[in-house]
Amino acid sequence: MFKIAIDAGHGYNTPGKRTPDGSMREWEFNSAVATLVQDELQNYEGVETLRVDDPTGKTDVPLKTRTDKANAWKADVYVSIHANAAGSGWNSAEGIETYVYTSKPKEAMTLAANVQNRLIRETGRKNRGVKTADFHVLRETHMTAILVECGFMTNKEEATLLKSDSYRKKVATAIVAGIAETYNLKIKTKPAPASSSAAKKSDKLYRVQVGAFANLENAEQLAEELKKKGYPAVIV
């Protein structure tokens, strides 16, 4: 199995992680996208997923707990999902960026580039590129890890997008597409539906005739013998 750890950043009540007007908490976006990513990944062969955060949002799971959980599970990939912010008030900072650890691991760079490109293609937002950072979830994970910042909560236009179901779906689809591209994941094949002619054939009844008699008494005698053996018998 190819194991993917999914991390929706922060918890519902994490201080400061919200739009300036309080209309959306970062966890609401992060968790919604994480759930969509997890659901979409179920369509691929040989893929297993694990949420390392608290999907209810009640607890802001410590970063060490998250990475320890992924490491113990022996995940192949770690994806941390976030919404960005620049300061605490509304401003013009905008766009999407994807992070890898400062050592720029080759596989992480490839994954980050593929995810970043898909995100920009799918959303049409400003491309802030692939960047490096000494984030805990990138440093302490024992597998390929990336962190995506999917738009600024402090930008009024992007805040509106971050709150919308359609934008969240686009982001999730892009993340999954980037993962699938990097690791050549295959969509599960679905069995072909039965043709209409086959369905008609399956509905058809076939009758077996045992015999025909000129004498009614002989026909009745055979019918009784068949009934005793468990076969329905009708004299026509």
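Yes or no: region 217-233 includes at least one residue that is within 23 Å of Tyr99 (Cα to Cα), at pLDDT 60 or above and not aliphatic (A, V, I, L, M).
no
For Ala70, are the conditions met, namely being more than 24 Å from Met153 (Cα to Cα) and in a strand (DSSP E or B)?
Answer is no for this residue.
Would you be able to say whether some residue in region 34-41 is assigned to a loop (DSSP other than H, G, I, E, B), out of contact with any helix residue (DSSP H, G or I) (no Cβ under 7 Å at 6 or more places or on another chain) and on the phi < 0 side of the Ramachandran plot?
No, region 34-41 has no match at all.
Among the residues that make up region 54-64, is at least one of them assigned by TED's automatic domain parsing to the domain that holds Val176, touching a residue at least 12 places away in the same chain (Cβ under 8 Å) and crowded, with 21+ Cβ neighbours inside 10 Å?
Within region 54-64 (the criterion being assigned by TED's automatic domain parsing to the domain that holds Val176, touching a residue at least 12 places away in the same chain (Cβ under 8 Å) and crowded, with 21+ Cβ neighbours inside 10 Å), the answer is no, since none of the residues qualifies.
Tally the residues that are crowded, with 16+ Cβ neighbours inside 10 Å, in contact with a Gly (Cβ under 9 Å, 6 or more places away or on another chain) and polar (S, T, N, Q), restricting the search to region 1-41.
Here the count works out to 2.
Here is a check on your reading of the model: is Tyr44 aromatic (Phe, Trp, Tyr), in contact with a Leu (Cβ under 9 Å, 6 or more places away or on another chain) and crowded, with 24+ Cβ neighbours inside 10 Å?
no
Please work out if Glu107 is closer than 21 Å to Thr144 by Cβ, part of a strand (DSSP E or B) and of a type in the set (D, E, K, R).
No; evaluated as a whole, the condition is false for this residue.
The values are calculated or read from the model by the stated rules, or taken from the named source; none is laboratory data. Just so it is clear, the structure is predicted and the values come from calculations on it, not from any experiment. Here Cβ is always computed from backbone atoms with ideal geometry, including for glycine, and neighbour counts include all displayed protein chains.
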